[in-house]
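In what follows, a single structure is set out as structure tokens and then discussed.
Derivation of every value follows stated rules applied to the coordinates shown; laboratory data play no part. These numbers come from a predicted model, not from an experiment. Using ideal geometry, Cβ is built from the backbone for each residue, glycine included, and neighbour counts are taken over all protein chains shown.
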């Protein structure tokens, strides 16, 4: 499968976890997940204050769906036992330079169980195999210790810190930047039995 091939609409990550490509008919589940985790998600994610109604979720997923069709992103909702518990995607796909970024979030009660690590692994494989990317990066707020541990666990390299790069209300967050190159992914897969 090359980067011109259609991406899978559903990715089975485990028996209980699957990823479903962004679609407007998932808006109710998305809005409920955000609403039930508003304070937790709002601590690190600048878009939470703008997702206030079901209509906001519909608009957001409709745009995500259009971005997937345009091949500028590949985004999925994360489901556990048919309940939406988060989102993950390959964003800012830059075909000139063959690089992109992975972003993710998960509901508070689903964290700490390896879900995001497993979902990231699935998308990293798609990024380097199907999309034929040269580089993937993950950005995390420097004070988000749990989120910052994930790229390191996945074998990404910490490149440094971008200072005051993400606006949250009236202040700015510093972000860690982590990356994995295609050759590193290939090398990692050679070592895996």
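Listed values, structure above:
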{"read-out": "Residue exposure sequence - 147, 22, 96 - by fewest surrounding Cβ within 10 Å", "value": "96, 147, 22"}
{"read-out": "Cβ-based exposure ranking for 170, 18, 56, in which fewest neighbours within 10 Å come first", "value": "170, 56, 18"}
{"read-out": "Relative packing of 119-125, 58-64, which averages over residues the other C-beta atoms within 10 Å, highest first", "value": "119-125, 58-64"}
{"read-out": "Computed [θ] at 222 nm, helices only, for the chain once each DSSP H run of length n ≥ 4 contributes -39500 (n - 2.57)", "value": "-10000 deg cm²/dmol"}
{"read-out": "Relative contact order computed over the range 89-193 (Cα-Cα under 8 Å; 6+ residues apart), in percent", "value": "23"}
{"read-out": "Exposure proxy ranking, count of Cβ atoms within 10 Å, fewest first, for 150, 106", "value": "150, 106"}
{"read-out": "Alpha-carbon centroid distance for the pair the range 64-108 / the range 129-186, whole angstrom", "value": "15"}
{"read-out": "Simple label model, 7 Å out from Cα along Cβ direction - residue 187 to residue 168, nm", "value": "3.4"}
{"read-out": "Contour minus Cα-Cα distance for residue 54 and residue 91 (0.36 nm per residue)", "value": "11.0 nm"}
